[in-house]
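Here is the structure we will look at.
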Amino acid sequence: MSLLFTRRKSVFIAGTAILGAVVVVLDLGVRLKVPFPPLGFMKVDVLGIPMMLSYFLFGFVSGFITSLVAWLSISSRDAFSGFMKFAAEFSTIVGVYIVLRARNPSNAWWKALAMVSGVLTRVVVMAIANIMLLPVFMPAFYATYDAVIVLVPLISLFNAIQGAVSVFGGFLFYEAVVIRLPSLKH
């Protein structure tokens with residue numbers, strides 16, 4: 001557990017709340033979404049960056065909370081999309097967490113491995129989630145599991161790109177923040 005969570009709860013609460021608010025603003029206000037050409041209904045966005053930043057700065061619980069905030073924000077328009085975004089971003093956080101928890105990163109190699117682990121975890125979890133849930137919640141478009149399986153390679157490519165944007169963007173912001181505010185580094 002992050003030292004900020006156990007020793008400085010006010011910093012944890014304020015930081016998580018601010019980054020959760022950033023997620024809502026990016027979702028509802030700022031439309032930084034780029035369509036993924038092979039599947040035009042899927043859009044690469046920057047919502048995952050503040051979620052990853054909250055994890056890097058304040059720990060696993062903060063990353064979970066900001067992911068829940070994204071779920072609630074997106075669910076105001078479409079509950080299924082909100083859940084899928086939560087599953088995607090939180091699985092990315094879990095993938096990064098597994099490597100960083102197992103080995104405290106002392107060099108760039110472990111950090112890079114953690115980022116790759118986050119992206120791969122996201123791709124696997126979302127492939128399984130799409131195969132299981134799309135025929136159930138979107139039968140008009142995906143009537144059978146076979147219809148989804150045909151799209152899994154493209155969906156996986158999208159998730160790899162979106163995961164890389166989230167992880168590398170979050171890490172870059174984290175590095176910039178701790179240079180200016182070294183007291184936030186744990």
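All of the numbers you see were taken from the coordinates with simple rules; none came from a lab. If you're wondering where the values come from, they're calculated on a predicted model, not measured in any experiment. Note: ideal-geometry Cβ built from the backbone for every residue, glycine included; neighbour counts use all protein chains shown.
The table that follows gives values for the structure above.
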{"item": "Lysine pairs with alpha-carbon atoms under 23 Å apart, the chain, spacing 8 or more or separate chains", "result": "5"}
{"item": "Nitroxide proxy distance, nm - points 7 Å out along Cα→Cβ at PHE141 and VAL44", "result": "1.9 nm"}
{"item": "Proximal charge balance of GLY15 [Cβ under 12 Å; K/R count +1, D/E count -1]", "result": "+2"}
{"item": "The stretch 36-65-the stretch 141-163 distance, computed between alpha-carbon centres (Å)", "result": "19 Å"}
{"item": "Degrees, to the nearest 10: 9-24 long Cα axis against longest axis of the chain", "result": "30 degrees"}
{"item": "Long-range amide H partners of MET42 with built H, under 5 Å", "result": "PHE36"}
{"item": "Lys, Arg +1 and Asp, Glu -1 on Cβ, resulting dipole of the stretch 3-184 about Cα centre, debye, nearest 20", "result": "540 debye"}
{"item": "Compactness index (Cα Rg / 2.2 N^0.38 Å), the stretch 33-110", "result": "1.22"}
{"item": "Total formal charge among the other residues, if their Cβ is under 14 angstrom from that of SER81, Lys/Arg +1 and Asp/Glu -1", "result": "0"}
{"item": "The chain, helix-only ellipticity at 222 nm - DSSP H runs n ≥ 4, -39,500 (n - 2.57), divided by all residues, nearest 500", "result": "-25500 deg cm²/dmol"}
{"item": "Two-decimal log10 I(q)/I(0) for the chain, as the Debye equation yields it once each C-alpha is a single scatterer, q = 0.08, 0.14, 0.16 Å⁻¹", "result": "-0.25, -0.75, -0.97"}
